[in-house]
Amino acid sequence: MKNCNELSNEDGEILVKTARKIVTEYLKSRSKINLEQKFESDFSFNSGIFVTLNNSMGLRGCVGFALPDKKLSNALADASISAATEDPRFPPVKIEELDQITFQVTVLTPPEKIHVLDPIEYVSNIKVGRDGLIVKHGSQSGLLLPQVPVECGWNEEDFLSHACEKAGLPRECWKEKETIIQKFEGIVFKEEAPNGKVVREYL
């Protein structure tokens, strides 16, 4: 059985095209497509995943699962539909929009807690272009994918601050000992243009 670190460029193309197919069918009929048996077999390992939709204005929807609690095939279907219809930051995608939207699939490695003696050490224990972050403090948490700081031009300290903001916390909250920081890596596949060629993004 594969795992997320063994995904080929062909696997990535299949995942992205399937995500588009899932959303297209759902917007047409409000029902999930039946995934092919080979697809379910090839992607039967548990993995976290995020599906991101972008248009010419920027982000159009992004939803996923940080933890490897579902088989990748099932997680892709749920995340794809949710990214298109349930991201609370945006109105649901309309089928007429799909020709202006690019699909991106990020497959996640399991999150691991970063252990430090002093919170300032977090800066040297993460790397922009490799790591995604999850910040937890009390009942609040926030996640940023590995591609976000690269796209925004942030350094490691900026990344930590924005991850705190994503959790609804003060920017400096990562410096508090009660705050838990986890990191993970992501394998990113995306369309270069709507319905276009699928490429692996190297951060």
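Being of a type in the set (Lys, Arg) and within 25 Å of Ser41 (Cα to Cα) is the filter here; which residues of segment 55-95 pass it?
Correct list: Lys70, Lys71.
For segment 116-199, give me every one of the helices (runs of 4 or more DSSP H) that falls completely inside it and has 1 or more residues that are among the β-branched types (Val, Ile, Thr) and under 19 Å from the mean Cα position of the chain (by Cα). Can you show your working first?
Numbers: elements: 122-125, 147-152, 156-166.
So the answer is 147-152.
Filter segment 1-48 for residues that are of a type in the set (A, V, I, L, M, F, W, C), farther than 18 Å from Phe65 by Cβ and not in a helix (DSSP H, G or I) and give the result.
Met1, Ile33
Only one of Phe189, Phe159 is touching a residue at least 12 places away in the same chain (Cβ under 8 Å), of a type in the set (Phe, Trp, Tyr) and within 22 Å of Leu53 (Cβ to Cβ). Can you tell me which? Show your work before the answer.
Working: Phe159 fails: within 22 Å of Leu53 (Cβ to Cβ).
That would be Phe189, the only listed residue that is touching a residue at least 12 places away in the same chain (Cβ under 8 Å), of a type in the set (Phe, Trp, Tyr) and within 22 Å of Leu53 (Cβ to Cβ).
When you scan segment 77-88, do you find a residue that is at pLDDT 95 or above, among the hydrophobic types (A, V, I, L, M, F, W, C), closer than 21 Å to Ser8 by Cα and not in a helix (DSSP H, G or I), even just one? Break it down into steps so the answer makes sense when it comes.
Taking segment 77-88 and keeping what is at pLDDT 95 or above, we get 77-88.
Those still in the list that are among the hydrophobic types (A, V, I, L, M, F, W, C) too: 77, 79, 81, 83-84.
Adding the requirement that they be closer than 21 Å to Ser8 by Cα leaves 77, 79.
Then keep just the ones that are not in a helix (DSSP H, G or I); that gives none.
Looking for residues that are at pLDDT 95 or above, among the hydrophobic types (A, V, I, L, M, F, W, C), closer than 21 Å to Ser8 by Cα and not in a helix (DSSP H, G or I), one finds none in segment 77-88, hence no.
Pick from segment 176-198 the residues that are basic (Lys, Arg) and under 29 Å from Glu165 (Cβ atoms): which of them is surrounded by the fewest Cβ atoms within 10 Å (Cβ to Cβ)? Steps first, please.
First, the residues of segment 176-198 that are basic (Lys, Arg): 177, 183, 190, 197.
In the following step, the residues that additionally are under 29 Å from Glu165 (Cβ atoms) were identified as 177, 183, 190.
On the way: Lys177: 9, Lys183: 19, Lys190: 20.
The residue in question is Lys177.
The values are calculated or read from the model by the stated rules, or taken from the named source; none is laboratory data. If you're wondering where the values come from, they're calculated on a predicted model, not measured in any experiment. Positions of Cβ are backbone-derived with ideal geometry, glycine not excepted, and every protein chain shown enters the neighbour counts.
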